[in-house]
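**Student:** Quick one: the structure is below, and I'll ask about it shortly.
The values are calculated or read from the model by the stated rules, or taken from the named source; none is laboratory data. Model, not experiment: these values are computed from the prediction. Note that we place each Cβ from the backbone using ideal geometry, even for glycine, and neighbour counts take in every protein chain shown. Each accessible area value is taken on the protein alone, full model and side chains, heavy atoms only, with ligands, DNA and RNA left out. Shrake-Rupley method; radii C 1.70, N 1.55, O 1.52, S 1.80 Å.
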Amino acid sequence: MSEQVVLERNDLNGLFTVLQGQGYTVIGPTLQDGAIVYDELTSDKDLPEGWTDEQDGGIYRLKKRSDKALFGYVVGPYTWKRFLDPPEKRLWQAKREGNDFRIIPENEPPPKYAFLGVRSCEIHALAIQDRVFLEGDYRNTSYEKRREAALIIGVQCVQAGGTCFCVSVNTGPRAESGFDLALTEILEEDRHYFVVETGTDQGAKIIDGLKVQPAKETEVAEADNRISHAAKNMGRKLNTEGVRDLLVQNHDHARWDEVANRCLSCANCTMVCPTCFCSTVEDVTDITGEHAERWQKQDSCFTMDFSYLHGGSVRASTRSQYRQWLTHKLATWIDQFDESGCTGCGRCITWCPVAIDLTEEVEAIRKSSSLESVVQSDKER
Amino acid sequence: MTKIDKPKLAVWKFASCDGCQLSLLDCEDELLSVAEEIEIAHFPEATRQVLKGPYDLSLVEGSITTPQDAKRIQEVRRVSKTLITIGACATAGGIQALRNFQDVKEFVSIVYANPAYIDTLNQSTPIAEHVAVDFELRGCPINKTQLLEVISAFLAKRKPNTPAHSTCIECKRRGTVCVMVAGGTPCLGPITHAGCGAICPSYQRGCYGCFGPMENPNTSSMSEGWKKSGASDDEIKRVFRTFNAWADSFREESEKHDK
Ligand code: SF4
Ligand code: SF4
Ligand code: SF4
Ligand code: SF4
């Protein structure tokens, strides 16, 4: 990695100019309907200056900060996957031609996105989705094109959210790689600047167009300091030791019934999770039957259709649906992809309407693992 | 498809506000194609022409609230090859099913000058309680895109895409910020059948449950949550007693809070 540089706050808008000059659509954090979401930005004025988010199970609130930080929040309800694999997309169309039909493929050129403000846990999520969509026999070609074209500008976390636990799963708060550029925002009494790390040549080319100075040792140390501060202030923690076996061996644990009493099967946890990749396809015809389309839509293991096989749903109860989600994320994902499916971003905790918290669920199962649950289910029999 | 043997469509009205069948008229652009593929044989709201049955597809709007209608629906079923109910009245009894929780005779004596002229049943009930129904399309009112989907699916002899999962899935696909988590606004989305496209949350309001209960609604956990944030039993009861008050899970939950 090349030398770190410093970009003053007042020169940040140069970044937008350079990116736009290179044909990028800048996507980044902005205020919308009471939350900080990712959307198209035209300049640094669209950034959520002076705002932060307070998060806990089932609760998200915007709060005014006492300073003018631009990246002084954590993560919101939506993730970059929305832009790389849109929740609803047409895969192809078909037209009837006599007794035959013709397929019309989707040929739109991929959008060229510059993602600004990608957190370390999110960079890990991108890597996980790359693995899911790009490795193996069937590639998600539309994701592939968008991903290849995308520029990743990370932001190092200097504060942790109430539901964050990246430290427990080794995905943050410092992004070590996987970015083109990474900024650490520093606010001092009378100065506001960014320490910028370069991860790729593409990133270096962007730096060339910016008004920067080589970073002083003290500035780099200050950035490190702030990132360590975030590491010490995680809102949640998850003990991952042996978690795969713990979950796989406790399929009949009484805790699944208990959580099923609270869980709404609403699917919010899977919809906000940056690594969940499930989708369904819907074939639609129009009234005339001359025209058909196939759509891919983001789906979730919390629906009945998800596990519908001939004759019925395999996972019809909330209990089995919740168990599928948690077990897939933290256990069978490892069997499938050699790593965990959880990046510790905390979204599933914050955005669950009834505040179900996976770290708590795992702990509860751990505390009263196998033996007790066997006794419990024996009693039920 | 040969246009000579176009399937015959009939639209029937029972106790309802007409909003759902108007959704069909509201399909202006598509209505011509509908008329090209289907013979509109009985649709008093749109045309006076009435063709004799039997009908290939009957769309039934409204609930059963009178002895006459209870008889008439049997007749409709007899002349219909496929019978699809449309809207909360037909699928759950509608807002008029609020009478089911009270004594109808009392209402009648208060509201009408000559109660003797009123011949009504004690309950407003969904069509499926009276005859076999082939498919139920939810909503108050139904979504016109879904209605076209159901008719197109009928013509293509395929299953319509009208998923029964939560409204939250539509809300999240659409990119709305959750009003319950980010604003503390009560929202029925998690236990409500999808179909509207999560319109209300996109205007920063909670979902009212127009499409009725989703496939596995955990109504008691919802109520529990609202209770914790200070809602009274009466408020919770009222939330469940709207257009789909008589749908099993909503009814049972409202009864738990009826003290
Ligand atoms: S499981 Fe929860 S904490 Fe883990 S990556 Fe998904 S949303 Fe984030
Ligand atoms: S947790 Fe559920 S929705 Fe997410 S990837 Fe696994 S099966 Fe799919
Ligand atoms: S865990 Fe929470 S967010 Fe997930 S389905 Fe259950 S209630 Fe919904
Ligand atoms: S606003 Fe309502 S429908 Fe949307 S995600 Fe939140 S609870 Fe679900």
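**Student:** May I ask for the Rg/Rh ratio of chain B, computed from Cα atoms with Rh as the Kirkwood radius, given to two decimals?
**Tutor:** 1.00
**Student:** Placing unit charges on C-beta atoms (Lys and Arg positive, Asp and Glu negative, everything else neutral), compute the dipole magnitude of chain A about its Cα centre in debye, rounded to 20.
**Tutor:** 620
**Student:** Can you work out the FRET efficiency for the pair A:D305 and B:T185, with r the C-beta to C-beta distance and R0 = 25 Å, to the nearest 0.05?
**Tutor:** 0.30
**Student:** For a quick check of your reading of the filter: which chymotrypsin sites (Phe, Trp or Tyr not before Pro) in segment A:70-143 sit in a DSSP loop and have no more than 16 other Cβ atoms within 10 Å?
**Tutor:** Here the sparse-neighbourhood loop sites are A:Y138.
**Student:** While we're on this one: Can you list which of the GluC sites (Glu not before Pro) found in segment A:106-155 are DSSP loop residues with at most 11 other C-beta atoms within 10 Å?
**Tutor:** A:E135
**Student:** Pairs to check: B:K81/B:K144; A:K145/B:K172; B:K81/B:K159; A:K112/B:K172. Give those whose C-alpha atoms are more than 21 Å from each other in this structure.
**Tutor:** In this structure, B:K81/B:K144; A:K145/B:K172; A:K112/B:K172 exceed 21 Å between Cα atoms.
**Student:** How large is the charge dipole for segment B:167-256, taken about the Cα centre, if only the Cβ atoms of Lys, Arg (+1) and Asp, Glu (-1) carry charge, to the nearest 20 debye?
**Tutor:** It comes to approximately 320 debye.
**Student:** For chain A, with a Gaussian network of springs between Cα atoms less than 10 Å apart, report the residue from A:Q298, A:Q55, A:Q32 with the top mean-square fluctuation.
**Tutor:** A:Q32
**Student:** For segment B:198-259 and segment A:80-132, write down the distance between their C-alpha centroids in whole Å.
**Tutor:** Their Cα centres are 36 Å away from one another.
**Student:** Here's a follow-up. Under 20 Å Cα to Cα from A:K64, which aspartates and glutamates show up? Leave out anything in the same chain fewer than 8 places away.
**Tutor:** Leaving aside aspartates and glutamates fewer than 8 places away in the same chain, those within reach of A:K64 are A:D33, A:D44, A:D46, A:E49, A:D53, A:E54, A:D56, A:E185, A:E188, A:E189, A:D190.
**Student:** Work out how much length A:E88 to A:E217 would gain on full extension: take 0.36 nm times their residue separation and subtract the Cα-Cα distance, in nm to one decimal.
**Tutor:** Here the segment from A:E88 to A:E217 would lengthen by 41.7 nm.
**Student:** Given the options B:L22, B:L98, B:L83, which has the most mean-square fluctuation in a GNM of chain B, springs set between C-alpha atoms less than 10 angstrom apart?
**Tutor:** Checking each option, the largest mean-square fluctuation is seen for B:L22.
**Student:** Another question, then. Would you kindly calculate the translational diffusion coefficient of segment A:213-299, applying Stokes-Einstein with the Kirkwood radius from alpha carbon pairs, for 25 °C and a viscosity of 0.890 mPa s, and quote it in µm² s⁻¹ without decimals?
**Tutor:** Estimated diffusion coefficient is 128 µm²/s.
**Student:** Just to confirm the filter: which GluC sites (Glu not before Pro) across segment A:165-254 are DSSP coil and have at most 10 other Cβ within 10 angstrom of their Cβ?
**Tutor:** A:E189, A:E241
**Student:** Computed on protein heavy atoms with a 1.4 Å probe, what is the summed buried accessible area for the chain pair B and A, in Å² to the nearest 100?
**Tutor:** Using a 1.4 Å probe on protein heavy atoms, the buried area is about 3200 Å².
**Student:** For segment B:8-156, what is the percent of antiparallel DSSP beta bridges, rounded to the nearest 5?
**Tutor:** 10
**Student:** Under a cut-off of 15 Å between alpha-carbon atoms, report the aspartates and glutamates in cross-link reach of A:K205, not counting same-chain residues fewer than 8 places apart.
**Tutor:** The reachable aspartates and glutamates, counting only those whose Cα sits under 15 Å from A:K205, are A:E3, A:D180, A:E197.
**Student:** Here's another thing I want to ask about it. What does DSSP give for chain B in terms of the percent of beta bridges that are antiparallel, rounded to the nearest 5?
**Tutor:** 20
**Student:** Charges on Cβ only, +1 for Lys and Arg, -1 for Asp and Glu, centred on the Cα centroid of the protein assembly as shown; of A:W80, A:N239, A:W325, which one is farthest towards the dipole's positive end?
**Tutor:** Checked the options; the winner is A:W325.
**Student:** At 222 nm, what helix-only mean residue ellipticity would chain A give, in deg cm²/dmol to the nearest 500, using -39500 (n - 2.57) for each DSSP H run of four or more?
**Tutor:** -8500 deg cm²/dmol
**Student:** A:E106 versus B:T66, label points 7 Å from Cα toward the beta carbon: distance in nm?
**Tutor:** Calculated label separation equals 5.1 nm.
**Student:** Any idea of the accessible area per residue across the protein assembly as shown, 1.4 Å probe, to the nearest Å²?
**Tutor:** For the protein assembly as shown, the per-residue accessible area is 45 Å².
**Student:** Then there is this: Would you list the membrane-span-like helices of chain A, meaning whole DSSP H runs whose alpha-carbon atoms span at least 20 Å along their axis and whose mean Kyte-Doolittle value is at least 0.0?
**Tutor:** Qualifying helices: A:120-134.
**Student:** As a test, work out the antiparallel percent of DSSP beta bridges whose residues both lie in the protein assembly as shown, rounded to the nearest 5.
**Tutor:** 65
**Student:** Mean-square fluctuation check for chain A, GNM, Cα pairs under 10 Å: which of A:G161, A:G58, A:G28 is largest?
**Tutor:** A:G58
**Student:** Among B:P163, B:P7, A:T288, whose Cα lies farthest out toward the positive end of the dipole of the protein assembly as shown, if unit charges sit on the beta carbon of Lys, Arg (+1) and Asp, Glu (-1)?
**Tutor:** Of B:P163, B:P7, A:T288, it is B:P7.
**Student:** Further question on the same structure: Cα centroid distance between segment A:231-286 and segment B:8-44, in Å?
**Tutor:** 43
**Student:** Pairwise over distinct Cα atoms, reciprocal of the mean inverse distance: report the Kirkwood radius of segment B:8-156 in Å, one decimal place.
**Tutor:** Radius from the Kirkwood sum: 15.9 Å.
**Student:** Sorted from largest to smallest, which semi-axis lengths in Å does the alpha carbon gyration tensor of chain A give for its equivalent ellipsoid, taking the root of 5 times each eigenvalue?
**Tutor:** Over the Cα atoms of chain A, the semi-axes work out to 37, 30, 17 Å.
**Student:** So how much slack lies between A:K64 and A:E49, counting 0.36 nm per residue of separation and subtracting their Cα-Cα distance, in nm?
**Tutor:** The A:K64-A:E49 span can extend by a further 4.5 nm.
**Student:** Right, something else. Taking a point 7 angstrom from the Cα of A:S279 along the C-beta vector, which residues in segment A:90-120 have backbone N less than 16 Å away?
**Tutor:** A:90-93, A:105-111, by backbone N distance to the label point.
**Student:** Could you size up the charge dipole of segment B:8-156 around its Cα centre, putting +1 on the beta carbon of Lys and Arg and -1 on that of Asp and Glu, and report it in debye to the nearest 20?
**Tutor:** Value, rounded to 20: 580 debye.
**Student:** Between A:W295 and A:D208, what length comes free when the chain is fully extended (0.36 nm per residue of separation minus the Cα-Cα distance, one decimal in nm)?
**Tutor:** Between A:W295 and A:D208, full extension yields 27.1 nm more.
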